[in-house]
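Here is the structure we will look at, set down as structure tokens.
The values are calculated or read from the model by the stated rules, or taken from the named source; none is laboratory data. On a predicted model such as this, the values are computed, not experimentally measured, just so you know. Methodologically, a virtual Cβ is constructed for each residue, glycine included, from the backbone with ideal geometry; neighbour enumeration extends over all protein chains shown. Surface areas here come from the heavy atoms of the whole protein model, side chains and all, with no ligands, DNA or RNA. Shrake-Rupley method; radii C 1.70, N 1.55, O 1.52, S 1.80 Å.
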Amino acid sequence: MTCDAYHAIIGLPGSGKTTFLAALWHLINAGEVSTQLVLDRLEGDHRHLNAISDAWQRCEEVPRTSIAAETDISIWIHEPETGHRAKLAFPDLSGESFANQVAIRSCKKAYIDGFGGDGGVMLFITADRSTDGITLLDMASMITGEELETNALVEWTPAIVPQQVKLIELLQFLQSPPFRRVQRRLAVIVSAWDVVNEPQLSPEAWLLRELPMLHQFLQSNHSSFDFQAYGISAQGGNVKSEDRDWLLRKTPSERVICVSNDANNHDLTAPIRWLMMRS
């Protein structure tokens, strides 16, 4: 059964939230490809959305949002087949805000209020990532001809916490007061999917291989999170490489890659529609 709901966005710096928003805004406005959801209205700053969407259309790197430039944006969309509506909220486009939430254990009241209903969550992760959380045993297998130094001390800071630990922390916050504990649908968005070279690899298999601790957490907390993974490339390729000329020759909406069981090639609204479906 479907229902009207507020769906929120979570993601660390560089996880692809702003690029996704830029591409989504173009897709639901331009009508260049078929989408399962269509635009009702926008709440927020049109100028910001138009600026990042224009950069996206020109195959330029979409500028990341700083804490100082954060702006509340909500997009109301509906499914023509059923008439059901959803509000997709970007209350904190800055990934630094989420990183700070892990570090200082504090967030805005508006952020807490946004999770008061039964809406879902889009959790952004990037496939274009460096190796995360290497152990001393991992390092030993990589080093040849050099003695491994095991007694060096490094002062701990929140910045050195592995990425998947931070992501689990962000999700664990939703399981405790003052947040309302309910089962939420969670769409795991693996952005920059174009860098994944194995065509038969599913987004969930990638998650299991690359972020096994996060995958195990999600499987072990089904009472809190019903999750599905999506592989998405909002740009369709690396706009800072020689691929840019090839990408510029394509219809902008057709550059988008969206991979999952229920995805339809270029439709970025697929994970949002899945969030709207209540089992």
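Quick notes
- Every condition in (1) open to solvent by less than 50 Å² (accessible area, probe 1.4 Å); (2) at pLDDT below 90 holds for Val190 except the one numbered (2).
- Long-range neighbours under 7 Å by Cβ, at least six apart or interchain, first residue touching a residue at least 24 places away in the same chain (Cβ under 8 Å) and over 19 Å from Ser53 (Cβ atoms) within segment 225-246, second of a type in the set (D, E, K, R) and buried (at least 19 other Cβ atoms within 10 Å of the Cβ): Phe225/Arg184; Asp226/Arg185; Ala229/Glu204
- Residue pairs whose Cβ atoms lie under 6 Å apart, sitting 6 or more positions apart in sequence or on different chains, and linking a residue in segment 157-177 that is part of a loop (DSSP other than H, G, I, E, B) to a partner that is open to solvent by 40 Å² or more (accessible area, probe 1.4 Å), are Pro162/Asp132; Pro162/Gly133; Gln175/Arg181.
- Exactly one residue out of Ser223, Ser176, Ser241 is under 30 Å from Gln57 (Cα atoms) and of a type in the set (Gly, Ala, Ser), and it is Ser241.
- Within segment 83-111, restricting attention to residues that are open to solvent by less than 40 Å² (accessible area, probe 1.4 Å), among the hydroxyl-bearing types (Ser, Thr, Tyr) and under 16 Å from Phe173 (Cα atoms), the residue that is modelled with the lowest pLDDT is Ser97.
- Output for segment 213-265, where each listed residue is under 18 Å from Val195 (Cα atoms), small (Gly, Ala, Ser), at pLDDT below 95 and out of contact with any Asp or Glu (no Cβ under 6 Å at 6 or more places or on another chain): Ala234, Gly236, Ser241, Ser260
- Leu208 being in contact (Cβ under 8 Å) with a residue 40 or more places away in the chain, part of a helix (DSSP H, G or I) and of a type outside the set (Phe, Trp, Tyr): no
- Trp274 vs. criteria open to solvent by less than 70 Å² (accessible area, probe 1.4 Å) and either closer than 22 Å to Lys166 by Cβ or modelled with pLDDT under 95 (or both): yes
- One residue stands out in segment 1-59 among those that are hydroxyl-bearing (Ser, Thr, Tyr) and open to solvent by less than 60 Å² (accessible area, probe 1.4 Å): the one that is farthest from Cys107 (Cα to Cα), namely Thr35.
- Qualifying residue in segment 112-132 (condition: modelled with pLDDT of 80 or more, open to solvent by 20 Å² or more (accessible area, probe 1.4 Å), over 23 Å from Asp45 (Cβ atoms) and assigned to a loop (DSSP other than H, G, I, E, B)): yes
- Here segment 224-264 is the region considered, the condition is being assigned to a strand (DSSP E or B) and of a type in the set (A, V, I, L, M), and the residue that is surrounded by the most Cβ atoms within 10 Å (Cβ to Cβ) is Ile232.
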